[in-house]
1. In this structure, does residue 43 turn out to be surrounded by 13 or more Cβ atoms within 10 Å (Cβ to Cβ), closer than 26 Å to residue 125 by Cβ and at pLDDT below 90?
2. Would you kindly identify the helices (runs of 4 or more DSSP H) lying entirely within segment 47-142 that contain at least 1 residues that are at pLDDT 85 or above and closer than 19 Å to residue 33 by Cβ?
3. Mind listing whichever residues of segment 4-25 are touching a strand residue (DSSP E or B) at 6+ places or on another chain (Cβ under 9 Å) and either modelled with pLDDT of 85 or more or in a helix (DSSP H, G or I) (or both)?
């Protein structure tokens, strides 16, 4: 093969790879649409939550129609592999998404995984967000009185809230 053919093929391959490179789909969508990446415990729970996710998206579209300053939310169900994957025992997908800089916005997992993932620095403490909501006087702010004592007792790690109690 001649030198110029090789250079041409390498150039075409480079352009194809650039065009096919994965991007977060929010980079190419309308600015009013905000994606929320959800990672859950396999297909079983995603099927259960499907109606709730659809209703949430519809509600955000209606809210945007009434007030265009409000975003339209689009829920993206993250691939979690087979339905028998236990994210507590095998957190590989989640930890790779954190290391890769594209962690899910919402994750549903067994409470026993919280400590393991927290010590690895996988979570952002929620305290500043909770305090800001309380200062703003939001009616839907997280308040300790709204949860069972047993649920709240499992939330803090080293004095910070890392998850919303169930």
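The values are calculated or read from the model by the stated rules, or taken from the named source; none is laboratory data. Since this is a predicted model, take the numbers as computed values, not measurements. With ideal geometry, Cβ positions are generated from the backbone for all residues, glycine too; neighbour counts draw on all protein chains shown.
1. Details: surrounded by 13 or more Cβ atoms within 10 Å (Cβ to Cβ): yes; closer than 26 Å to residue 125 by Cβ: no; at pLDDT below 90: yes.
Criteria not met by residue 43.
2. Passing ranges: none, list empty.
3. Taking segment 4-25 as the starting set, the residues that turn out to be touching a strand residue (DSSP E or B) at 6+ places or on another chain (Cβ under 9 Å) are 24-25.
The answer is 25, and nothing else.
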